[in-house]
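**Q** Structure in structure tokens, see below.
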Amino acid sequence: MFNIIMRFFCGKNSHSQNEYSKCKKSSARLKQGWGVLLLKRLFSSPSLKPLVPTLCVLLFVIYGLGDKLHNFVAGIFIPQYHYPYAAALCFGQVVISLLFLNLLHLLGAVSLQSYSRVLGEKLLVPSICSSVYGVLSMWAHTSSSNSVLSSILKLPSPLSTHVSVLISFFSGTTLVITVSRGVSGVNFLEYIYAPLALILFSVSLIWLAKVSEVERKHPPNAQASAVDIYYAHLVNQSVIVGILWLLHPDNPWHVLRQSSWQNLLFHGYLLAILLLKMALNFVVGITALCFSPLAAAVLHSAYQLVLPFLQLL
């Protein structure tokens, strides 16, 4: 239907074929969104190519600061307002992410396709893994102040043997340094769920990258962009986390009754946690879809790995 409309406005004769191709290219640009086009022009500019390493380091620093800020706000909000509801926080973060992407779509920054059931089925496994991992990761903040568990949960499994050995060395060193600083009494459940979180997060990143790789092999008119894949991934997550929340003893009705909705400071802390987590997850997900799951894993865990060494200096 779209091609028929374009041919109607651009003409059908041989003289207007060039005009039709120009209209089609311009419409393809419009369908990408002005935000995506701006990023492509910035990174394709020859004058900015020498700055790519600096931009990557800057992104790494910003992500690390954002992660530290999220942990700081969560460390104040959860004990202050007695809000240990991991499933509720994860569900709120997913809903906020969906609203944010739809807002960008309304502003024309990105172009979102409607949810595809076929694409959703392909993303079912990473959606389940991400949902369970998100609840486990939030559980680390809400139910334990033990920094060992938080450090372990932040270390995703890499993709190659060399990287596995390297990150295992760093994570082991991090664990030894943390324990030597006086942390003790790790719960038995933490030993069980921490490796499970590693596996879930790694499978999610790898599967997302594989789906993105398969989509790039499709024709341009039939392939889903990285934002479309991430959007479908979020839609799946919203359903899965919603089911987990309903099955949890702290069901939505209990959480709504226990929340301090009359307190404006409560709203501020809650919104800050959800927005920061939304931004962090978006950067990691898009990195895995556009570049590689290894790059996403390094971005997600490198700050936690380097932090103990910086504290020793």
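The values are calculated or read from the model by the stated rules, or taken from the named source; none is laboratory data. On a predicted model such as this, the values are computed, not experimentally measured, just so you know. Here Cβ is always computed from backbone atoms with ideal geometry, including for glycine, and neighbour counts include all displayed protein chains.
**Q** Starting from region 213-226, keep only residues that are over 13 Å from Val118 (Cβ atoms), then list their pairs with residues that are surrounded by 12 or more Cβ atoms within 10 Å (Cβ to Cβ) whose Cβ atoms are within a distance under 7 Å, requiring at least 6 positions of separation or different chains.
**A** Qualifying pairs under 7 Å: Arg216/Gln223; Ala226/Ser212; Ala226/Ile286; Ala226/Leu289; Ala226/Cys290.
**Q** Can you name every residue in region 244-256 that is assigned to a helix (DSSP H, G or I), over 20 Å from Leu271 (Cβ atoms) and more than 20 Å from the chain's Cα centre (by Cα)?
**A** Leu246, Leu247, Trp253, His254
**Q** If a residue must be over 13 Å from Val235 (Cα atoms), in a helix (DSSP H, G or I) and touching a residue at least 24 places away in the same chain (Cβ under 8 Å), how many such residues does region 101-112 contain?
**A** So the count comes out to 2.
**Q** Looking at Tyr230, Tyr193 in this structure, which one is modelled with pLDDT of 90 or more, among the aromatic types (Phe, Trp, Tyr) and surrounded by 13 or more Cβ atoms within 10 Å (Cβ to Cβ)?
**A** Tyr230
**Q** Tell me whether region 276-285 contains one or more residues that are over 13 Å from the mean Cα position of the chain (by Cα) and surrounded by fewer than 19 Cβ atoms within 10 Å (Cβ to Cβ).
**A** For region 276-285, residues over 13 Å from the mean Cα position of the chain (by Cα) and surrounded by fewer than 19 Cβ atoms within 10 Å (Cβ to Cβ): absent.
**Q** Next question. Six or more apart or on different chains, Cβ under 7 Å: which pairs go from a residue in region 271-299 that's hydroxyl-bearing (Ser, Thr, Tyr) to one that's buried (at least 19 other Cβ atoms within 10 Å of the Cβ)? Could you list them?
**A** Thr287/Ala296; Thr287/Leu299; Ser292/Ala209
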